[in-house]
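> Please see the structure below; I have some questions.
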There are 4 protein chains.
Amino acid sequence: MDILVTNDDGINAPGIVALADALAEVGRVGVVAPDRERSAVGHALTLHHPLRATALGNDRFAIDGTPTDCVNLGIHSLLPFKPDIVVSGINRGANLGEDITYSGTVSAALEATLMGIPAFAVSLATEGDGVNYAAAGAFAARLARHIHRHGLPADTFLNVNVPDLPPDQLNPPLVTSQGKRRYEGMIIDKVDPRGRNYYWIGTVELNFLDIPGSDYAAISRRHISVTPLHLDQTNYASFAAIEAWDLG
Amino acid sequence: MDILVTNDDGINAPGIVALADALAEVGRVGVVAPDRERSAVGHALTLHHPLRATALGNDRFAIDGTPTDCVNLGIHSLLPFKPDIVVSGINRGANLGEDITYSGTVSAALEATLMGIPAFAVSLATEGDGVNYAAAGAFAARLARHIHRHGLPADTFLNVNVPDLPPDQLNPPLVTSQGKRRYEGMIIDKVDPRGRNYYWIGTVELNFLDIPGSDYAAISRRHISVTPLHLDQTNYASFAAIEAWDLG
Amino acid sequence: MDILVTNDDGINAPGIVALADALAEVGRVGVVAPDRERSAVGHALTLHHPLRATALGNDRFAIDGTPTDCVNLGIHSLLPFKPDIVVSGINRGANLGEDITYSGTVSAALEATLMGIPAFAVSLATEGDGVNYAAAGAFAARLARHIHRHGLPADTFLNVNVPDLPPDQLNPPLVTSQGKRRYEGMIIDKVDPRGRNYYWIGTVELNFLDIPGSDYAAISRRHISVTPLHLDQTNYASFAAIEAWDLG
Amino acid sequence: MDILVTNDDGINAPGIVALADALAEVGRVGVVAPDRERSAVGHALTLHHPLRATALGNDRFAIDGTPTDCVNLGIHSLLPFKPDIVVSGINRGANLGEDITYSGTVSAALEATLMGIPAFAVSLATEGDGVNYAAAGAFAARLARHIHRHGLPADTFLNVNVPDLPPDQLNPPLVTSQGKRRYEGMIIDKVDPRGRNYYWIGTVELNFLDIPGSDYAAISRRHISVTPLHLDQTNYASFAAIEAWDLG
């Protein structure tokens, strides 16, 4: 099994090092990852200027681009193999609920899926720097083997979150739904040393709703959470309501 | 009705001018949009550095950030009102199928939905610069009135695509599903004037599949396409398959 | 006389508009200037990524680069002529003393000189937005004619500062030396909304020394200041002192 | 002697590592340097957005800014001492003639001089990656001791270039003048994968003139070159010629 590893915390983050080490037990690993932190970049793709790749040896490349860029360069160039699977992470901090839409880590798995390659993202649910990357990496390696053997459902990729706990304190994995929280924005408005205003996007991070079966419900009870995500975001249940409007 | 307008083509693009003009017929309009083109930035949010807003008069602000940033600044700061609805566009070029995940225009509507404000994105399905922005704007104004009256289904926003045709050649709006195409990446590999390699992400844009009921099917038959998108991307149908794996 | 006009305040700044208008009276004008403010960029040259030029009609081009980049593109590409002279400005705010080393406006004139084309920079000595750009432009046009007729001394370009006063309140131009002030740095140290430190370079702008014959002395007495600058920055007078050290 | 070390090749470049090692023999060293290569940025100062500093331990800090920014942060913040001297380098590649105006390495020494701190820049005159950084570092350490003992002439800093040769093949240091070459620009004009033009600034690097006593003349004869540079760039010899024009 040939594996492309990427992330959004940057190629030197402890999470990606642990992930590459763990996956090396089950396959051949190439790493193509951002040269610095690129979190919250969503599914951004660099179309309007070129990218640089720094070869670090042993099929490792640092890119001055987004995780989505890295997946493109990793699949279509740079590596001596076309990957059988793409694994993104291990992210420092959970990716739960609608936060996945901002996540470079999760978007990298989405990009691979668009390219027809099975993929998953893995995050360590920690508030700080994180400790148990090796445990999360071991689960990723097991999951990669399953995916390689069984394949993934059509147009589907997995978003995995692992509590930051030693293996013997983890509860078993659960297949979960994408959770939900309430967002509240907040803008910090200040004046710079030259008298000009600037704005900094802050966040009031409100709690996730404790929805049974959700990613958050699993994580908060020390389970590993595995959420299958679908490329199709259509809300089919809403068709009748909207068709009732007089839009013509 | 108080309306926040944004886009990803930049505040001077003809599409946003036409959209703001059309919406001014049905409500009070504020424009908070990127100061330059920011296409393909996905749901990127600027967390790690501050933003600048240039006031252009009449509740218009140019921001050195992404469409998602603009929605944040527009809802929580800058404007003298909190918007009842957010409208993003009119994008130059269609946003169909999985392309919506790259789209700054669509991501702006997603961001507003996370903030609890009804929203839709509107794009002109054109290969070139686009001609019929006014017709698309008129439809957007009508749609905004319907949303203001009826509300949107929970956790749902709309992705609208309008063929680039005069109004009398348009077929009636259809509520559609998110379409699908095959992606194929392509990396352009060159050498710069100082002998260093660079990579440019190209695209081989393969055809959309002509799936009945999809956004693409509607647009290619001259219908306006209205796709309801849901925040929840969980693939519930795949639970059984994944639960059958021995992940524990 | 064919004239290339650039600046560092951006192509839409009032100073460059006034300058291009005034120079159109004495020659054919092309404008190649940054698409946004690029002040304090010094003599920065963009070597490691490509540049974009937006054609605005009538030999006007907006560049996503530095003033030095604009001079390169303007001399070697884009324009239908090779300029006889390069004029940079009219900068909003004076460029006096050692401040010239930070100035994108002055560095553009330096770049043209390196390329063998006579050049000068012109700045409006104002604390605010500036009023009398037309007067400064008129002096620039007169100066351009002199340079075209007489040439400039070898390896020399001019740094012009004009007080922000109506023409009838201006004292005659003086040829001056580069002035001098004491600098004092100041770092603003803050914490961002996510708890990370950031630093903003502030400035305690101390007074210029009132050195007879200097640019500052002229400006503060309502004279136009014309400072000839030389490419050679060697301090020949210091050779003996340093040669006395036992460096070998 | 407390020493601030910076460069423009980035904090991990072999030149700055060798320089810090060599200077640690003669004083206490703090390193504040760009987190990546920032060559050809001239005397650019970051005024309009904030900077980040990553503490790497042992008074080493990586900054997401220019060499000039690093000197500001290093003198006024970050370090536990105010430096007695600032040393910038060892640059990969010579900084000769007018090239110094583009150089981030030389501009860092200029910035320190403006702040009233003695400073010099040191570059390894090599066409490739460079070999003899240790020899150049040893000379820098000796020079730092001289400057600490004797001071530098007023408003003067030093630009040092060292041939890339083993110590026993080096000729003795010479105090030199700033050399001179002819520049010739060249613009590479291409089309990106989406059909839009882009421009890359290339260079036709013409030879330096072999002027007796110049930096180039010294280097090409295997001497270490020490050029004293003055803050005052006025061309006093040209006053009479320009005063003869009828500018009033």
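The values are calculated or read from the model by the stated rules, or taken from the named source; none is laboratory data. Since we're looking at a predicted model, the values are computed, not measured. A quick note on method: Cβ atoms are made from the backbone with ideal geometry, for glycine too, and the neighbour counts reach across all protein chains shown. Note: areas computed on protein heavy atoms with side chains; ligands, DNA, RNA excluded. Shrake-Rupley method; radii C 1.70, N 1.55, O 1.52, S 1.80 Å.
> Could you grab me the full set of residues in the range B:206-215 that are exposed (fewer than 12 other Cβ atoms within 10 Å of the Cβ) and either facing another protein chain (nearest Cβ under 7 Å) or in contact with a strand residue (DSSP E or B) (Cβ under 8 Å, 6 or more places away or on another chain) (or both)?
The answer is B:LEU206, B:ASN207.
> Sticking with this one: Hey, does the range A:125-133 have a residue that's part of a strand (DSSP E or B) and more than 10 Å from chain B (Cβ to nearest Cβ)?
Yes: the range A:125-133 contains one or more residues that are part of a strand (DSSP E or B) and more than 10 Å from chain B (Cβ to nearest Cβ).
> Does B:LEU174 qualify as being open to solvent by 60 Å² or more (accessible area, probe 1.4 Å), touching a residue at least 12 places away in the same chain (Cβ under 8 Å) and either assigned to a strand (DSSP E or B) or of a type in the set (S, T, N, Q) (or both)?
So B:LEU174 fits the description; yes.
> Conditions first: (1) assigned to a strand (DSSP E or B); (2) modelled with pLDDT of 95 or more. B:GLY202 passes all but one, so which condition is the exception?
Exception for B:GLY202: condition (2).
> Whether any residue in the range A:136-143 is of a type in the set (D, E, K, R), part of a helix (DSSP H, G or I) and in contact with a Ser or Thr (Cβ under 7 Å, 6 or more places away or on another chain) is what I want to check.
The answer is no, given that none of the residues of the range A:136-143 is of a type in the set (D, E, K, R), part of a helix (DSSP H, G or I) and in contact with a Ser or Thr (Cβ under 7 Å, 6 or more places away or on another chain).
> Right, here's the next one. I'm trying to understand the selection: among the residues of the range C:48-68, which are assigned to a loop (DSSP other than H, G, I, E, B) and either touching a residue at least 12 places away in the same chain (Cβ under 8 Å) or open to solvent by less than 30 Å² (accessible area, probe 1.4 Å) (or both)? Working first, answer last.
To start, the set of residues in the range C:48-68 that are assigned to a loop (DSSP other than H, G, I, E, B) comprises C:48-50, C:52, C:58-59, C:64-66.
Scanning the range C:48-68 gives C:PRO50, C:ARG52, C:ASP59, C:ASP64, C:GLY65, C:THR66.
> Tell me which residues, restricted to the range B:5-41, are more than 16 Å from B:GLY93 (Cα to Cα), charged (D, E, K, R) and out of contact with any helix residue (DSSP H, G or I) (no Cβ under 6 Å at 6 or more places or on another chain).
Selection gives B:ASP21, B:ARG28, B:ASP35, B:ARG36.
> Still on this structure, please answer the following. Identify, by number, the condition in (1) more than 14 Å from chain C (Cβ to nearest Cβ); (2) open to solvent by 30 Å² or more (accessible area, probe 1.4 Å); (3) farther than 30 Å from B:SER214 by Cβ that A:MET186 doesn't meet.
Going through the list (1) more than 14 Å from chain C (Cβ to nearest Cβ); (2) open to solvent by 30 Å² or more (accessible area, probe 1.4 Å); (3) farther than 30 Å from B:SER214 by Cβ, A:MET186 breaks only (1).
> Out of contact with any Lys or Arg (no Cβ under 9 Å at 6 or more places or on another chain) and without any contact (Cβ under 8 Å) to a residue 60 or more places away in the chain: which single residue out of A:GLY202, A:GLY195 fits that description?
Criteria check complete, one pass: A:GLY195.
> When you check C:ALA237 against the structure, is it free of Cβ contacts under 8 Å to residues at least 12 places away in the same chain and of a type in the set (A, V, I, L, M, F, W, C), yes or no?
Working: free of Cβ contacts under 8 Å to residues at least 12 places away in the same chain: yes; of a type in the set (A, V, I, L, M, F, W, C): yes.
When the stated conditions are applied, C:ALA237 passes them.
> Does B:ASP164 satisfy being more than 19 Å from B:ASP99 (Cβ to Cβ) and either within 14 Å of chain D (Cβ to nearest Cβ) or surrounded by 18 or more Cβ atoms within 10 Å (Cβ to Cβ) (or both)?
Taking the combined requirement at face value, the residue does not satisfy it.
> For the range C:26-78, give me the residue count where each residue is among the small types (Gly, Ala, Ser) and closer than 25 Å to D:THR46 by Cα.
8
> Of all residues in the range C:71-130, count the ones that are within 9 Å of the chain's Cα centre (by Cα) and free of Cβ contacts under 8 Å to residues at least 40 places away in the same chain.
2
> Can we say D:PRO153 is within 14 Å of chain B (Cβ to nearest Cβ), open to solvent by 10 Å² or more (accessible area, probe 1.4 Å) and either touching a strand residue (DSSP E or B) at 6+ places or on another chain (Cβ under 9 Å) or small (Gly, Ala, Ser) (or both)?
no
> Of the numbered conditions (1) at pLDDT 95 or above; (2) part of a loop (DSSP other than H, G, I, E, B), B:GLY74 satisfies every one except a single condition; which is it?
Of the numbered conditions (1) at pLDDT 95 or above; (2) part of a loop (DSSP other than H, G, I, E, B), the odd one out for B:GLY74 is (2).
> When the range B:95-124 is examined, which residues are found to be out of contact with any Phe, Trp or Tyr (no Cβ under 6 Å at 6 or more places or on another chain), in a loop (DSSP other than H, G, I, E, B) and buried (at least 24 other Cβ atoms within 10 Å of the Cβ)?
B:ASN95, B:TYR102, B:SER103
> Those residues that are closer than 15 Å to D:ALA112 by Cβ and surrounded by fewer than 17 Cβ atoms within 10 Å (Cβ to Cβ), I need them from the range D:1-12; list them, please.
D:MET1, D:ASP2
> Name every residue in the range B:233-244 that is over 29 Å from A:LEU47 (Cβ atoms), touching a strand residue (DSSP E or B) at 6+ places or on another chain (Cβ under 9 Å) and outside any helix (DSSP H, G or I), in order of residue number.
Within the range B:233-244, B:THR234 is the sole residue that qualifies.
> Residues that are surrounded by fewer than 23 Cβ atoms within 10 Å (Cβ to Cβ) and part of a loop (DSSP other than H, G, I, E, B): does the range A:13-24 have at least one?
yes
> Still on this structure, I have one more. Any chance you could count how many residues in the range C:47-61 are under 20 Å from B:ASP35 (Cβ atoms) and within 7 Å of chain D (Cβ to nearest Cβ)?
3
> Going by what's in this entry, would D:ARG181 be described as open to solvent by 70 Å² or more (accessible area, probe 1.4 Å) and at pLDDT below 95?
When the stated conditions are applied, D:ARG181 does not pass them.
> Further, regarding this structure: Please state which of the following conditions B:LEU158 fails to meet, knowing it meets all the rest: (1) open to solvent by 30 Å² or more (accessible area, probe 1.4 Å); (2) within 21 Å of B:THR66 (Cβ to Cβ).
Exception for B:LEU158: condition (1).
> Filter the range B:224-248 down to the residues that are small (Gly, Ala, Ser) and more than 7 Å from chain A (Cβ to nearest Cβ) and list them by number.
Answer for the range B:224-248, where residues must be small (Gly, Ala, Ser) and more than 7 Å from chain A (Cβ to nearest Cβ): B:SER225, B:ALA237, B:ALA240, B:ALA244.
> Given the conditions (1) under 18 Å from the mean Cα position of the chain (by Cα); (2) of a type outside the set (A, V, I, L, M, F, W, C); (3) not in a strand (DSSP E or B), which single one is not true for B:ASN161?
So the condition that B:ASN161 fails would be (3).
> Report, by residue number, each residue of the range B:25-46 that is more than 8 Å from chain A (Cβ to nearest Cβ), over 13 Å from the mean Cα position of the chain (by Cα) and part of a loop (DSSP other than H, G, I, E, B).
B:GLU25, B:VAL26, B:GLY27, B:ASP35, B:ARG36
> Looking at the range A:216-223, is at least one residue facing chain B (nearest Cβ under 10 Å), open to solvent by 40 Å² or more (accessible area, probe 1.4 Å), among the aromatic types (Phe, Trp, Tyr) and not in a strand (DSSP E or B)?
The answer is no, given that none of the residues of the range A:216-223 is facing chain B (nearest Cβ under 10 Å), open to solvent by 40 Å² or more (accessible area, probe 1.4 Å), among the aromatic types (Phe, Trp, Tyr) and not in a strand (DSSP E or B).
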